[in-house]
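Take a look at the structure below.
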Amino acid sequence: MSPATGISKLAALTGALLLLQGFFEPAQIQPGNEPIKTPACGPRVLVEYTDDDPDYFIIKNRSADGWSIETIAFDLTPSSGNLVFDPETGGAGVGGAAGFVPDQTTDIRLVGTVPAKDGGRTLSLRFQNFTHQRDYTFHIDLDASPAGQGRTWVLPEDMAGTRILVELRGPRGQSDRIDAAFDANAEADTGAGGCV
């Protein structure tokens, strides 16, 4: 190997190493520049729960343009607070109750439900016109019974483990199913699907 060939191979190797080093190092933000936001690649749904009077859920469609929520199902069975729905007074719940109340402030259409039974752990909702960047709020009472001790209030950490399963329709008519579990802040985030 000639010295010139050896030097050119060394230069190429050095360039490749510098490229890799830049790939693994965190991006530097220059003064005055905003960090690049990761775009939504496909379907993404966030859900928040708040214990109030009455309790309520907010479903947020944070999918890319063209993705609509068709159904969402809730399953309280794996919740850390041993949660149940309490829509009826005097039933399986603890203390006061509050039935399911749909959102009255939106043109997102609730076209079907598999209602929560008193003391039950599942609820399903079907929608029309639940397009991206829109929110839907509904009310229903939840009760907790961690360690078998019933109480009317639900702490954020009681929601941890509760599952959601969401079916969406995409911009080309394709369907997708995504799921997530609530965390100890009473929030569930499916993350952005369809990213390459």
Worksheet item: Taking amide H positions as placed 1.01 Å from N in the peptide plane, with prolines and chain starts having none, which residues 5 or more places from Leu123, or on another chain, fall under 5 Å of its amide H?
Response: Phe74
Item to complete: Return the loop-located trypsin sites (Lys or Arg not before Pro) in the stretch 162-195 (DSSP other than H, G, I, E, B) with at most 16 other Cβ atoms within 10 Å of their own Cβ; answer none if there are none.
Response: Arg172
Worksheet, complete the sentence: Taking every other residue with Cβ under 14 Å from the Cβ of Glu187 and scoring Lys and Arg +1, Asp and Glu -1, one gets -3
Item to complete: Compare the Cα positions of Gln133, Gln104, Leu155 along the charge dipole of the stretch 94-177 (+1 at Cβ of Lys, Arg; -1 at Cβ of Asp, Glu; about the Cα centre) and return the one farthest towards the positive end.
Response: Gln133
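Every number in this text was worked out from the coordinates using simple rules, so none of it is lab data. Being a predicted model, the structure only gives us computed values, none of them experimental. All Cβ positions, glycine included, derive from the backbone under ideal geometry; neighbour counts span all protein chains shown.
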